[in-house]
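**Student:** For reference, the structure I am asking about is given below.
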Amino acid sequence: MLLICLATCWICNFNPQKVREIFNLPEHIEPVVLLPLGYPLDKADVDRHDKGRKKIEEIVHWEKFS
C-alpha cells in the first residue's frame, strides 16, 4: 500500500449490529473486520514500532515449562 501512498488499519473491535445498519447488510452477514483506507495527513513512519526481534531462545522452550 505504501507504493500508492494509501494507508490502512485493521479494526476488529466494533459493534457488528451498527455496521449492519450503516451498510444496510442483511442479518445473515457477520462483519468481522473493518479496513479503513485513505491518504494519511503526513508520511508514515513504518519503523516507529520496530524494537527488534527477540532471540528464539528467549521465546521457545523445549521439553520444559517456563
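Each reported figure results from applying straightforward, stated rules to the coordinates on display, with no laboratory input. Bear in mind that the values here come from a model prediction, so they are computed numbers and not experimental data. FYI the Cβ positions are ideal-geometry reconstructions off the backbone, even for glycines, and counts take in every protein chain you see.
**Student:** If exposed GluC sites (Glu not before Pro) are those in a DSSP loop with at most 11 other Cβ within 10 Å, what is the longest stretch of the chain that has none? Let's see the in-between values first.
**Tutor:** On the way: sites that count: Glu27, Glu63.
Excluding the exposed sites themselves, the longest stretch runs over 28-62.
**Student:** Which FRET efficiency value, to the nearest 0.05, do you get for Asp50 and Glu27 by plugging their Cβ-Cβ distance into 1/(1 + (r/R0)^6) with R0 = 35 Å? Let's see the in-between values first.
**Tutor:** Numbers: r = 42 Å, r/R0 = 1.20.
According to the calculation, E is roughly 0.25.
**Student:** Express the relative contact order of the chain as a whole percentage, based on alpha carbon pairs under 8 Å and six or more residues apart in sequence. Spell out each step's value before the answer.
**Tutor:** Working: 38 pairs, mean separation 22.9, N = 66.
Averaging sequence separation for qualifying contacts and normalising by length gives 35 percent for the chain.
**Student:** Same structure, new question: Okay, helix-only estimate at 222 nm for the chain: each DSSP H run of n ≥ 4 adds -39500 (n - 2.57), divide by all residues, round to 500 deg cm²/dmol; what do you get? Don't jump to the answer; show the numbers that get you there.
**Tutor:** Numbers: 2 runs with 12 residues, N = 66.
Calculated at 222 nm, the ellipticity per residue is -4000 deg cm²/dmol.
**Student:** Go through the chain and name the chymotrypsin sites (Phe, Trp or Tyr not before Pro) that are in a DSSP coil and have 11 or fewer other Cβ atoms within 10 Å of their Cβ. Kindly include the intermediate steps, with their values, before the conclusion.
**Tutor:** Working: sites: Trp10, Phe14, Phe23, Trp62, Phe65; in loops: Trp10, Phe14, Trp62, Phe65.
Filter output for the chain: Trp10, Trp62, Phe65.
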